1. Can you give the Kirkwood hydrodynamic radius for region 152-282, in Å, rounded to one decimal and based on Cα pairs?
2. Gaussian network model of the chain, Cα springs within a sub-10 Å range: biggest mean-square fluctuation belongs to which of C173, C79, C228?
3. What does the charge count around Q92 come to, taking other residues whose C-beta lies under 12 Å from its C-beta (Lys +1, Arg +1, Asp -1, Glu -1)?
4. What is the dipole size for the chain, taken about its Cα centre, with +1 at each Lys and Arg Cβ and -1 at each Asp and Glu Cβ, in debye to the nearest 20?
5. Going Cα to Cα from K111, which lysines come in below 22 Å? Please leave out same-chain ones fewer than 8 positions away.
6. Among T272, T83, T210, T133, which comes first, second and so on when ranked by fewest other beta-carbon atoms within 10 Å?
7. Add -39500 (n - 2.57) for each DSSP H run of 4 or more in the chain, then divide by its residues: what number comes out at 222 nm, to the nearest 500 deg cm²/dmol?
8. Can you tell me the convex hull volume per residue for the chain, based on C-alpha atoms, in Å³ to the nearest whole number?
Amino acid sequence: MDIQSEIQKIAARLLKNKEVAMVIGYGAGSAPNRTAPVFIDKEKDVGKLVFNRFCVNNLSLYLPRLKEKGKIAIVAKPCDVRTIVCLIQEKQIERDKVHIISFACPGLLEKDGKTLFASCAECAVTLPPVYDTLSGEAKEMERNEPFTDRVADFFSKMPAERWEMFKAEMEKCIRCYACRNACPMCYCEECFVERSLPRWIGEGSEVTDTMIFHIVRAIHTAGRCGECGACARACPMDVNLAPLAKQIREDMLNLFHHQAGVDPNAPAALETFKPDDYNDFIK
Ligand code: SF4
Ligand code: SF4
Ligand code: SF4
């Protein structure tokens, strides 16, 4: 049975047995090679659930907002599962209130139907770290699609050139905040960019304000980013956010041996400390 049929079958069973109040999944999009989130609460509607390589949204975004509904099932790619693990670690949702339907991930394609998204080309976690039902086979997926690395080029440059590249990317940003709004880990009720007391950044188009937004958002996602790439895909200006995110991820790995959302039993990285930490700042 293909993954889509299995997802529909699992959703029908969960709704029929009243094991969950709702299934969040992907439905057909309004254009070819697109999908849109769907919220199914009746068994008769499970045929609306689709699965293909254009399931670009990270639907875990909706879990904290819908938790009043009761237990919810969610169709989640392995990277989305990593953010679900982070949301549980941060006590935004409860593990026993979510049923995770996942699968070994073949990777997402851009709208051309051929090119693998950069985040997928780099993905090292193609099996979900935790799940309740798994559709398809539990095997690591091989990557043989063309590799588009917008990060390697950045890190091959000297610091002054990197700064110019970063500034050039920031000048493309129109500060629509679609990247933030697509991210399940950006769940603050009031984002620092919208605070007026104190005001952290100006509302105009100064590139320094844009830089502050992106640098602070990157720091806020340290140890919490599931590498789903939903932020980059949401951007209407094709701003290359990958180098900043990658540097933060590597720092978390090298300094704290932490990879976000891969260990459901680990505490959230920035919510813990060791009294005997080797770094000076803790003494
Ligand atoms: S980042 Fe990995 S898990 Fe996520 S969609 Fe891409 S290949 Fe799948
Ligand atoms: S920062 Fe981007 S890649 Fe990381 S969890 Fe948020 S949307 Fe996904
Ligand atoms: S989605 Fe793109 S243009 Fe909008 S704020 Fe984010 S980086 Fe800037």
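1. Working: mean 1/r = 0.0614 Å⁻¹.
For region 152-282, inverting the mean 1/r across all distinct Cα pairs yields 16.3 Å.
2. Looking only at C173, C79, C228, the largest GNM fluctuation is found for C173.
3. Working: positive: R65, K67, K91, R95, K97, R224; negative: E90, E94, E189.
With Lys, Arg at +1 and Asp, Glu at -1, the neighbours total +3.
4. Values: 38 positive and 40 negative charges, 181 e Å.
My answer is approximately 880 debye.
5. K111 reaches K48, K77, K172.
6. Values: T272 12, T83 27, T210 22, T133 17.
Fewest to most other Cβ atoms nearby, the residues stand as T272, T133, T210, T83.
7. Numbers: 9 runs with 87 residues, N = 283.
One gets -9000 deg cm²/dmol as the mean residue ellipticity at 222 nm.
8. Numbers: hull volume 45.2 nm³, N = 283.
Convex hull of Cα atoms, per residue: 160 Å³.
Only the coordinates and a few stated rules stand behind these numbers; no lab work does. Predicted, not measured: the structure shown is a model, and the values here were computed from it. Glycine also receives a Cβ, built like all others from the backbone with ideal geometry; neighbour counts cover every protein chain displayed.
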